[in-house]
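> Here it is, the structure, as structure tokens.
The values are calculated or read from the model by the stated rules, or taken from the named source; none is laboratory data. In this text the structure is predicted, and so the values were computed from the model without any measurement. Positions of Cβ are generated from backbone atoms using ideal geometry, with glycine treated the same way; all protein chains shown enter the neighbour counts.
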Amino acid sequence: MRGHALLFLLAFPFFAAALVLLFPQKRRSLTILLSFLLSLLPFGAALRLFFLFPEGSTAPFREISLPWLDPGVPFHLAVDSLSLPLILLTTLLLPITLLASWKNPGEGIKGFLSSLFLLEGALLGVFLSQNALLFYLFWETVLIPMYFLIGKWGGERRTGAARKFLLYTMAGSVPLLAGILWSFSLYGRGSFEIALWTSAPLLPAALQKILFLLFLSAFAVKLPLFPFHTWLPDAHTEAPTAGSVFLAAVLLKMGVYGFLRLAVPLFPEAVLSFRPALIALALIGVVYGALTAFAQEDMKRLVAYSSVSHMGLIFLGLLTLTPEGYVGGLLQSVNHGLSTGALFLCVGLLYERTHTRLQREYGGTAKAMPAFNLLFLVFLLSSAGLPGLNGFTGEFPIFWALFLKSPWLAGAALTGTVVGAVYLLSLYKRVMTGPEKSLESGTRLLDLSPRELLLLLPLLLLVVWIGLYPSLLTKKMAPPSYIAPFLKEYRLPGGIR
């Protein structure tokens, strides 16, 4: 019966998406409140899994397999140390984004809320699936609600941004499907079970390289790895606040998860063969993303390009193929979701008051919004990697792993972090300090309401808690048994805690 908790975790968001459509159309506040209460149930289930998960476990903790298409294609779900943090992050963000959507969008609120529940369910399906075909179905399902969130409830250029997002991601997903079907034929066991594939003898190196490139096409777009990142800034900028939060915090982590769950254990020789080229692309993304973010006037585009830089650093850590790089990359994936999601929420709250995201239109905001000023500064410093906050605890093991591989590589990657601190502090200075500016005739900058404090304080708590006590997560992030054999035995002095 333990595995039925996974069925509830996966099925409930889809049930809630249908239930929301039955809520009264004219009772907007009631509809959002009921949706918020519904969203707490998956989060509670994920939180319970997290606290019950044994420290240092390398095997699936909860698992269920039911008949589906045929004996070789069961409906197989499981949670392990790789998927658990991402599941918890996904379920945490939905209630927060629902609170943030109290005033936006103005029309079609039931469709908007239903799309968010569908997005949560599809993302959980990706992280829970233990069957490659099921994994692909959920991977593609993610595109549908995200497309509508951008295309229907986004900004002025929403149609083009939504179309670009859909075309880019589908272009990567078609080779992924081809790779999954080809792998099914090569392993010859009549099964799409990922566990059977990873336990089988490795394929010849030449085949590994071809299949790896097919799988990588989808993972690189989602990461996004330079130069496959160009869809991201437009999608972030035009998406509503809730869409931007999910896009940055969780959708980008699908690329990380797919790379670790499928590419590393199935095609390790191909990973090693292409690693120098991937390291070069990830390093370019770190520096390019930081420099481009520095040049942005639109706050949302700045945070979007910062994600390109941060995800490049996460991928660099994973490419070291060391325990430190693995734990640092996975931990920083969660940290990036918290800090960048919080920054998108903060920009959204400012936009609700002023209807502009241009930095030059602001000034002296700290005087009018002291509570917001404090929270915004903490999230900026978290994103910059200040010691004592969560960003540092993820970056440190990544840089340690990079330094052990090559001090020059670590130094080159560090330039992105330095530039990141510059553009983030510059953003704070231009928006929050200096002389007050009149944004619009009659515009008043009111400080955070109780609802807005409620949606930001959990993120603040986690940013500080993980910064001071990272073993809250790392002790449950031991590399799973299908990844551990491919990681070198480097160790941090005193351990990674």
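> Restrict the check to the range 132-152 and report whether at least one residue is in a helix (DSSP H, G or I), more than 30 Å from residue 185 (Cα to Cα), charged (D, E, K, R) and touching a residue at least 60 places away in the same chain (Cβ under 8 Å).
no
> Go over the candidates 448, 427 one by one and state the one that is of a type in the set (A, V, I, L, M), within 21 Å of residue 338 (Cα to Cα) and modelled with pLDDT of 90 or more.
On inspection, the qualifying residue turns out to be 427.
> Test residue 275 against the criterion of being buried (at least 21 other Cβ atoms within 10 Å of the Cβ), over 14 Å from the mean Cα position of the chain (by Cα) and of a type in the set (Lys, Arg), and give yes or no.
So residue 275 does not fit the description; no.
> Name the one entry in 371, 401, 366 that is in a helix (DSSP H, G or I) and within 26 Å of residue 282 (Cα to Cα).
One residue alone meets the criteria, 401.
> Output the number of the condition that residue 387 fails; it satisfies all remaining conditions of (1) in contact with a Gly (Cβ under 7 Å, 6 or more places away or on another chain); (2) surrounded by fewer than 17 Cβ atoms within 10 Å (Cβ to Cβ).
(1)
> I've got another one for you. List the number of the failed condition for residue 317; all other conditions in (1) in a helix (DSSP H, G or I); (2) over 30 Å from residue 121 (Cβ atoms) hold.
So the condition that residue 317 fails would be (2).
> So, in the range 79-102, exactly how many residues are out of contact with any helix residue (DSSP H, G or I) (no Cβ under 7 Å at 6 or more places or on another chain) and not acidic (Asp, Glu)?
Number satisfying all stated conditions: 1.
> Looking at this structure, is residue 35 assigned to a strand (DSSP E or B) and not basic (Lys, Arg)?
no
> For residue 280, which of the numbered conditions (1) more than 20 Å from the chain's Cα centre (by Cα); (2) under 30 Å from residue 397 (Cβ atoms); (3) touching a residue at least 40 places away in the same chain (Cβ under 8 Å); (4) assigned to a helix (DSSP H, G or I) fails to hold?
Going through the list (1) more than 20 Å from the chain's Cα centre (by Cα); (2) under 30 Å from residue 397 (Cβ atoms); (3) touching a residue at least 40 places away in the same chain (Cβ under 8 Å); (4) assigned to a helix (DSSP H, G or I), residue 280 breaks only (3).
> Filter the range 1-41 down to the residues that are closer than 22 Å to residue 77 by Cα, at pLDDT 90 or above and small (Gly, Ala, Ser) and list them by number.
Across the range 1-41, the qualifying residues are 11, 16, 17, 39.
> Ok, one more. Give the residue that is surrounded by the most Cβ atoms within 10 Å (Cβ to Cβ), with candidates limited to residues of the range 154-199 that are closer than 22 Å to residue 116 by Cβ, at pLDDT below 85 and not charged (D, E, K, R).
154
> I'm trying to understand the selection: among the residues of the range 339-356, which are surrounded by 21 or more Cβ atoms within 10 Å (Cβ to Cβ) and in contact with a Ser or Thr (Cβ under 7 Å, 6 or more places away or on another chain)?
Once the filter is applied, which keeps residues that are surrounded by 21 or more Cβ atoms within 10 Å (Cβ to Cβ) and in contact with a Ser or Thr (Cβ under 7 Å, 6 or more places away or on another chain), the range 339-356 yields 339, 340, 343, 344, 345, 348.
> Just need a number here: residues in the range 49-80 that are among the small types (Gly, Ala, Ser), at negative phi and at pLDDT below 90.
4
> Residues in the range 358-375: is at least one buried (at least 22 other Cβ atoms within 10 Å of the Cβ) and within 20 Å of residue 309 (Cβ to Cβ)?
no
> Give 281, 291 a once-over and let me know the one that is within 30 Å of residue 479 (Cα to Cα), out of contact with any strand residue (DSSP E or B) (no Cβ under 8 Å at 6 or more places or on another chain) and at pLDDT 90 or above.
Only one candidate passes the filter, namely 281.
> Under 8 Å between Cβ atoms, which residue pairs at least 6 apart in sequence (or on different chains) link something in the range 343-360 that is among the acidic types (Asp, Glu) with a partner that is modelled with pLDDT under 85?
That search, which allows pairs on different chains as well, returns 352/103; 352/104.
> Out of everything in the range 153-166 that is in a helix (DSSP H, G or I) and touching a residue at least 24 places away in the same chain (Cβ under 8 Å), what residue ends up being farthest from residue 221 (Cα to Cα)?
153
> Take the residues of the range 200-217 that are part of a helix (DSSP H, G or I) and among the aliphatic types (A, V, I, L, M): which is surrounded by the fewest Cβ atoms within 10 Å (Cβ to Cβ)?
Per the criteria, the residue is 206.
> Of the residues that make up the range 14-24, is at least one farther than 21 Å from residue 142 by Cα and among the aromatic types (Phe, Trp, Tyr)?
Checking the range 14-24: at least one residue is farther than 21 Å from residue 142 by Cα and among the aromatic types (Phe, Trp, Tyr).
> Go through 416, 420, 434, 411 for me and flag whichever is out of contact with any strand residue (DSSP E or B) (no Cβ under 8 Å at 6 or more places or on another chain) and at positive phi.
434
> Here is a follow-up. Within the range 283-314, track down each residue that is part of a helix (DSSP H, G or I), charged (D, E, K, R) and either out of contact with any Pro (no Cβ under 6 Å at 6 or more places or on another chain) or surrounded by 24 or more Cβ atoms within 10 Å (Cβ to Cβ) (or both).
300
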